[in-house]
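Taken together, the values in this text are just the output of simple stated rules run on the coordinates, not laboratory data. If you're wondering where the values come from, they're calculated on a predicted model, not measured in any experiment. Counting neighbours? That spans all protein chains shown, and the Cβs are built from the backbone with ideal geometry, glycine included.
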């Protein structure tokens with residue numbers, strides 16, 4: 001198993017954000033975490049990437065425990081995080097933003113090759129490589145955030161609400177990008193409030209409700225689950 005969370009709990013002060021969560025991510029494929037606002041989805045990704053400290057439990061990646069590591073060391077192990085709200089550096093250019101994704105890498109020639117690969121994947125970023133990130137549309141900024149994460153050459157990509165605030169046609173494009181990234185061998189953990197999109201893309205799904213694990217199973221089965229359809233798919 002590529003990644004395992006074992007009975008993980010996270011508290012923010014006296015508030016419990018996530019309780020005894022156990023989940024796993026296999027090599028390859030897409031795993032999604034769905035749930036309503038405040039369910040603990042973002043906290044789950046922040047715990048994996050070291051941005052939220054665990055109150056209890058363990059996180060293992062490629063057979064090694066990582067929950068004791070700093071965020072930069074977790075990135076160095078191969079986990080890249082596309083955060084909610086994109087969090088790009090708006091005063092920096094597109095190319096400068098992309099290069100920050102490779103700040104831990106020492107393989108300069110490969111970094112240049114990967115930068116060219118990002119520009120091939122996202123032609124609009126090539127067109128705007130010298131443009132300040134704050135001047136781009138929401139969809140372009142999301143592509144930039146994804147491209148920046150890919151510059152870390154991840155073994156696992158965490159994506160938090162990549163469709164948030166985007167027009168439907170751009171959401172479809174982002175979905176194709178996620179599928180393409182995964183098809184090229186990068187496993188993805190996808191957090192999405194757009195449950196329909198998430199369950200269409202994913203192989204396996206987890207449902208969080210108020211910090212607890214409510215359901216888990218193959219995404220196709222959860223898509224047909226009566227509770228999921230009523231609570232998250234509007235059926």
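Relative contact order of the range 92-235, taken over Cα pairs closer than 8 Å and 6 or more residues apart, is 19 percent. Take the Cβ atoms of residue 215 and residue 164, set R0 to 30 Å, and the FRET efficiency comes out at 0.85. Stretching residue 90 away from residue 184 to a fully extended chain increases their span by 30.9 nm, per 0.36 nm per residue minus the current alpha-carbon distance. The distance from the alpha carbon centre of the range 92-128 to that of the range 8-22 is 36 Å, rounded to a whole number. Relative contact order of the range 89-173: 41 percent, from C-alpha pairs under 8 Å at least 6 residues apart in sequence. Sorting 188, 75 by the number of Cβ atoms found within 10 Å of their own Cβ, with the fewest placed first, yields 75, 188. For the chain, dividing the convex hull volume of the Cα atoms by the residue count gives 120 Å³ per residue.
Can you list the residues of the range 78-111 with backbone N under 12 Å from a point 7 Å past the Cα of residue 129, pointing along Cα to Cβ? Zone members listed by number: 94-96, 98-99. The ranking of 65, 86 by Cβ neighbour count inside 10 Å, starting from the fewest, reads 65, 86. Centroid-to-centroid, using Cα positions, the range 38-81 and the range 175-194 are 19 Å apart.
Note on residue 62 and residue 100: the extension gain reaches 11.2 nm, defined as 0.36 nm multiplied by sequence separation minus the Cα-Cα distance. Look at 120, 153, 14 and count the other Cβ atoms within 10 Å of each Cβ; fewest to most, that gives 14, 120, 153. Dividing the convex hull volume of the alpha carbon atoms of the range 89-152 by its residue count gives 67 Å³ per residue.
Label-to-label distance, residue 6 versus residue 53, with points set 7 angstrom from Cα along the beta-carbon direction: 2.2 nm.
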